[in-house]
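One structure is given below, encoded as structure tokens.
The values are calculated or read from the model by the stated rules, or taken from the named source; none is laboratory data. All of these numbers come straight from a predicted model, not from anything done at the bench. Please note: Cβ atoms are built from the backbone with ideal geometry, for glycine as well, and neighbour counts cover all protein chains shown.
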């Protein structure tokens, strides 16, 4: 069992890196016309005569991204009742991520025996915020008829798994390690430095359970909608407000796409031709009822 957890954890890390890299490459190389499909809502292309507008400088785009991530302002404007639990969950999650990073650094650079209880308080409050927000989100998605339209049943399973992961962390820290931060830091240091390889192959139940949950998340994340939400901040996806000028990179990519063969058919688009030919024919002979 211990060997399985060991292989599952480190295998999930490798899988996450490879799968994420492949999906990033897929998004970066996606045809220009698919950007709207990847980024839903708030596009510059929704603005009339967008190409005449002044382009936003990089610093303004960066500030906009930070505000989106920290305040979740789109939820605030679109559904304020749903924004409250979503905000609580994400604030707790951000604090938990920072707490785990602090655990790794603290365990390596300082004496673990001198750690105060403030670190434990930080982790506990972060977990509590995340759990309360996640529970409220799960409840609203189960009971709110409007939200059910947008979220399939798989999301219910996902949020249950989120809560179980948090409970697994509480069990590991507060039951197995007895809420002792020095004991947690000592364990983290041993895991990071491989100081006790035998312990990796024969882990205790509490830490092994939490590691198994974390490994499952690493495998799931590259294929989740969470990845797509994160990737909306890819520069050429959210802020691709560069007009298609002659000789530009966009024109080059559009011409490449127009040379692609049509691999599907419809009453108005026959297969067996290139998109350039189809576009030319539609321009010269538009379907009846169109202008």
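Computed values, structure above
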{"item": "Entirely in the stretch 203-291, the helices (runs of 4 or more DSSP H) that have 2 or more residues that are in contact with a helix residue (DSSP H, G or I) (Cβ under 7 Å, 6 or more places away or on another chain) and modelled with pLDDT of 75 or more", "result": "205-220, 249-258, 275-284"}
{"item": "Qualifying residue in the stretch 168-188 (condition: modelled with pLDDT under 85, assigned by TED's automatic domain parsing to the domain that holds residue 83 and surrounded by 15 or more Cβ atoms within 10 Å (Cβ to Cβ))", "result": "no"}
{"item": "Counted residues, the stretch 110-121 - those being surrounded by fewer than 15 Cβ atoms within 10 Å (Cβ to Cβ) and either touching a strand residue (DSSP E or B) at 6+ places or on another chain (Cβ under 9 Å) or in a helix (DSSP H, G or I) (or both)", "result": "4"}
{"item": "Residue that is farthest from residue 245 (Cα to Cα) [pool: residues in the stretch 30-52 that are assigned to a loop (DSSP other than H, G, I, E, B) and at pLDDT 75 or above]", "result": "48"}
{"item": "Test: residue in the stretch 156-167 that is more than 28 Å from the chain's Cα centre (by Cα) and in the same structural domain as residue 9 (by TED's automatic domain parsing)", "result": "no"}
{"item": "Lone qualifier among 56, 12, 107, 64 - being surrounded by 15 or more Cβ atoms within 10 Å (Cβ to Cβ) and modelled with pLDDT under 85", "result": "64"}
{"item": "Residues of the stretch 138-153 satisfying the condition of being assigned to a helix (DSSP H, G or I) and more than 27 Å from residue 206 (Cα to Cα)", "result": "139, 140, 141, 142, 143, 145, 146, 147, 148, 149, 150"}
{"item": "Condition met for residue 96 (assigned by TED's automatic domain parsing to the domain that holds residue 144, surrounded by 17 or more Cβ atoms within 10 Å (Cβ to Cβ), without any contact (Cβ under 8 Å) to a residue 40 or more places away in the chain and under 18 Å from residue 122 (Cα atoms))", "result": "yes"}
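The rows are residues; the columns are (1) over 22 Å from residue 218 (Cα atoms); (2) in contact with a strand residue (DSSP E or B) (Cβ under 7 Å, 6 or more places away or on another chain); (3) part of a helix (DSSP H, G or I); (4) free of Cβ contacts under 8 Å to residues at least 40 places away in the same chain.
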position: 123; (1), (2), (3), (4): no, no, yes, no
position: 127; (1), (2), (3), (4): no, no, yes, no
position: 136; (1), (2), (3), (4): yes, no, yes, no
position: 160; (1), (2), (3), (4): no, no, yes, yes
position: 163; (1), (2), (3), (4): no, no, yes, yes
position: 167; (1), (2), (3), (4): no, no, yes, yes
position: 178; (1), (2), (3), (4): yes, no, no, yes
